[in-house]
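> Okay, handing you the structure first.
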Amino acid sequence: MSPALLQHPRFISLEGGEGAGKTTAINAIRNWLGGHGHEVVLTREPGGTPLAERIRGLLLDKGEATAAEPLAAETELLLVFAARAQHVREVIRPALQRGAFVVSDRFTDSSYAYQGEGRGLDPAWIADLERRTVGIAPGMTLLLDLDVRTGRARTSGRDLWPDRIESEHDDFFERVRAGFRQRAAAYPQRFRVIDAGQTPLEVARDVAAAVATFVQGDAA
Ligand SMILES: Nc1ncnc2c1ncn2[C@@H]1O[C@H](COP(=O)(O)OP(=O)(O)OP(=O)(O)O)[C@@H](O)[C@H]1O
Ligand SMILES: [Mg+2]
């Protein structure tokens, strides 16, 4: 038997497809938590530590090396979890232990959506890696749900060159979106699904309300 997952009440993750507004929403969370006197550590995946950021480079690189030797789906999954194992031990757990809130731009749900639904890898394998190498789950996960084309339109032109994941086709991103929605349906107590097609102000309002309810038990 592998160990159970600990759902931590000061750990919040943001999930969603490309351009859904995760990085934008994180600022609304920081403002709300900071304004209520809480220490907040913002972090992101893949990455969050120097070593994990180097692994992120391997995952997203679309250079010559990747063109010559495509990254196998299995390699992608294991690299994501290698980065996450490091992130949890070096950043997330220490911050939670000293009483801070941790807000992560993506966490394990992204692995179920991208490597599971997107790449077709066995979710039971992902769940086993999650229990053995991560051991912790967010107390609340905000899913910024957005149709794929709108997300694409928001990110197009942001970077000169799309990264390895951004270069995937729409059917991949449709599976990823479906994967996130399935996760939200399977864990309704942890997830809050936010309509990310609203204006930035409306999204920020919904995000702040969800955080207030989660932290205080009301929408103050
Ligand atoms: N509600 C919104 N309406 C319109 N544009 C938005 C909205 N939220 C964010 N944007 C814009 O869309 C772009 C993508 O937003 P953001 O970087 O926050 O998304 P993301 O989910 O972090 O994307 P990625 O997965 O690529 O990191 C940014 O240019 C941002 O200013
Ligand atoms: Mg982002």
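> Residue 43 passes all but one of (1) out of contact with any helix residue (DSSP H, G or I) (no Cβ under 6 Å at 6 or more places or on another chain); (2) within 16 Å of ligand 2 (Cβ to nearest atom); (3) of a type in the set (Ser, Thr, Tyr); which number fails?
The number of the failed condition is (1).
> All but one of (1) in contact with a Leu (Cβ under 8 Å, 6 or more places away or on another chain); (2) not in a helix (DSSP H, G or I) hold for residue 126, so report the exception by its number.
(2)
> Answer yes if at least one residue in the stretch 46-64 is under 29 Å from residue 216 (Cα atoms) and either open to solvent by 70 Å² or more (accessible area, probe 1.4 Å) or within 16 Å of ligand 1 (Cβ to nearest atom) (or both), and no otherwise.
Within the stretch 46-64, one or more residues are under 29 Å from residue 216 (Cα atoms) and either open to solvent by 70 Å² or more (accessible area, probe 1.4 Å) or within 16 Å of ligand 1 (Cβ to nearest atom) (or both).
> When you scan the stretch 67-126, how many residues do you find that are more than 16 Å from ligand 2 (Cβ to nearest atom), polar (S, T, N, Q) and over 17 Å from residue 176 (Cβ atoms)?
Result for the stretch 67-126: 3.
> Criterion first (within 11 Å of ligand 1 (Cβ to nearest atom) and surrounded by fewer than 13 Cβ atoms within 10 Å (Cβ to Cβ)) does residue 150 satisfy it?
Considered against the rule, which asks whether it is within 11 Å of ligand 1 (Cβ to nearest atom) and surrounded by fewer than 13 Cβ atoms within 10 Å (Cβ to Cβ), residue 150 comes out as no.
> Against the definition (crowded, with 19+ Cβ neighbours inside 10 Å, assigned to a helix (DSSP H, G or I), in contact (Cβ under 8 Å) with a residue 24 or more places away in the chain and within 12 Å of ligand 1 (Cβ to nearest atom)), how does residue 20 come out, yes or no?
It is false that residue 20 is crowded, with 19+ Cβ neighbours inside 10 Å, assigned to a helix (DSSP H, G or I), in contact (Cβ under 8 Å) with a residue 24 or more places away in the chain and within 12 Å of ligand 1 (Cβ to nearest atom).
> Within the stretch 169-213, track down each residue that is without any contact (Cβ under 8 Å) to a residue 24 or more places away in the chain, part of a helix (DSSP H, G or I) and open to solvent by less than 90 Å² (accessible area, probe 1.4 Å).
Within the stretch 169-213, 170, 185, 186, 202, 206, 209, 213 qualify.
> Moving on. How many residues does the stretch 1-17 contain that are open to solvent by less than 70 Å² (accessible area, probe 1.4 Å), away from ligand 1 (no atom under 15 Å from the Cβ) and touching a Gly at 6+ places or on another chain (Cβ under 6 Å)?
Of the residues in that region, 2 qualify.
The values are calculated or read from the model by the stated rules, or taken from the named source; none is laboratory data. If you're wondering where the values come from, they're calculated on a predicted model, not measured in any experiment. Heads up, the Cβs are rebuilt from the backbone with ideal geometry, glycines too, and the neighbour counts pull from every protein chain shown. Quick note on the areas: whole protein, heavy atoms, side chains included, nothing else; ligands and nucleic acids left out. Shrake-Rupley method; radii C 1.70, N 1.55, O 1.52, S 1.80 Å.
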